[in-house]
1. With +1 on each Lys and Arg Cβ and -1 on each Asp and Glu Cβ, how big is the dipole of the chain about its Cα centre, in debye rounded to the nearest 20?
2. Find the Cα radius of gyration of the chain, compare it with 2.2 N^0.38 Å by division, and give the number to two decimals.
3. What residue among M187, V134, T204 has its Cα farthest toward the positive end of the dipole of the stretch 128-231, where the charges are +1 on Lys, Arg and -1 on Asp, Glu, each on the Cβ?
4. Farthest toward the dipole's positive end in the chain, which of V72, I16, P99, given Cβ charges of +1 (Lys, Arg) and -1 (Asp, Glu) about the Cα centre?
5. What does the C-alpha gyration tensor say about the overall shape of the stretch 1-106? Classify as rounded when a/c is under 1.5, otherwise prolate if a/b is larger than b/c, or oblate.
6. May I ask you to list the lysines whose Cα is less than 27 Å away from that of K301, ignoring any residue fewer than eight positions away on the same chain?
7. Using a simple spin-label model with points 7 Å from Cα along the Cα→Cβ vector, what separation in nm is obtained for N214 and D147?
8. Sequence gap at least 6, Cα distance under 8 Å: using those rules, report the relative contact order of the stretch 207-273 to the nearest whole percent.
Amino acid sequence: MRRESVTPRPDWDATIRSQGLVYVDTELPDGEIMSYWDETAAYAFDLDEVLRLEEATEELHRMSVAAAEHVVAGNRYAEFGIPGWAAEAVARSLREGPPTLYGRFDLWYDGSWPPKMLEYNADTPTALVEASIVQWYWLEQTRPDADQWNSIHERLVGAWAKIGAGLYDRRVHVVWSNEEESGEDHMTAGYLAETARQAGLEVTLQPIQEIGWNGRRFVDRSGQPVTTCFKLYPWEWMLAEPYGRPALDPGTPTTWIEPAWKLLLSNKALLAVLWELYPGHELLLPAYLDSPRGMSAYVAKPLLGREGGSVRIVTGRGEVTNPGIYGDEGWCYQEFRALPEIGGGGHMVLGSWIVDGESAGAGIRESESLITDGYARFLPHYIDAARTP
């Protein structure tokens, strides 16, 4: 893998907005506007490298599912901050195996082997439109003879088709929170709705705030039953809402995507359970729930929160804090591994997508901070055939 400078397309800004990246403008603390999309540089991989990273991603997914099964078997929900009243629903969800669509691993990777798992965004991962669509069109316009580690769109359509084959009612509701102001959640939900339509499903797209409860089941804004629902809304938020209990009630005739057992994969406690089950595994970093256990440099991550939430990094040189309010839901302490700076770029994190249990593609973000935060930039990539044996 290498980072190389490239010349942006003359009309790149209008182009990416037309492709759905309406949340491209990021306001910095000083009021300056920065573009989230950055095509002044790109990352190049060789094919063998991509194949190895795909295998690593799928191995991490299998290990994560095994860890979820271990947690359920040992009744270890309290370590994940999951309330006791929700435990049986989580166990039933894992046991019955309802449909699951996608997730994203965030990996430390500097071009050498092995990569290291930083976390698994398995419930409501975003950065999807840019990874699946926008960087693919960038490739077609700038390197039409090259390839890309990116089958996200095709795999999403295929996953929806598989889900649809098991539905007696082929209408799917796709919902997001209209309280998210950047437009990213709305566009992500809209894109996922389009992939479902391409799979032959009928789709209703609306904010989750417009889903109602009629005393027996969930209904949409027109009063129609919500039978199958993809929600870009984290389960930990749902459990805190008045409708959280009926959402998990076995008598409620709604199938949720992602299913309730994804609570276990999107929780940072997963990192500690993985290290417990697979100590010394080359794809993992040491992680613990009770304390840093003598680690001289570590990252303290709150158990809950989309895209990592507020974290703090403790090193021998002091503490680096991510702005935010720390919750009281508990912490996971993971060994600190500084995100690499490659070819003069920022601190890079590799997002490796998984769809229906299979590796599907990659998205790369860079940040000036050691923490990949809301000021990160997304950079495209391609597979360099000339470097592939």
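Bear in mind these aren't lab numbers, they're just calculated from the coordinates by the rules spelled out. Quantities reported herein were computed from a predicted structural model and do not represent experimental measurements. We place every Cβ from the backbone using ideal geometry, glycine too, and count neighbours over all the protein chains shown.
1. The calculation lands at about 1020 debye.
2. 0.97
3. The one lying farthest along the dipole's positive direction is T204.
4. Of the candidates, V72 comes out farthest on the positive side.
5. Prolate, since a/c reaches 1.5 and a/b exceeds b/c.
6. K116, K231, K262, K268
7. Here the answer is 5.0 nm between the modelled labels.
8. Values: 54 pairs, mean separation 19.3, N = 67.
Reported as a whole number, the value is 29 percent.
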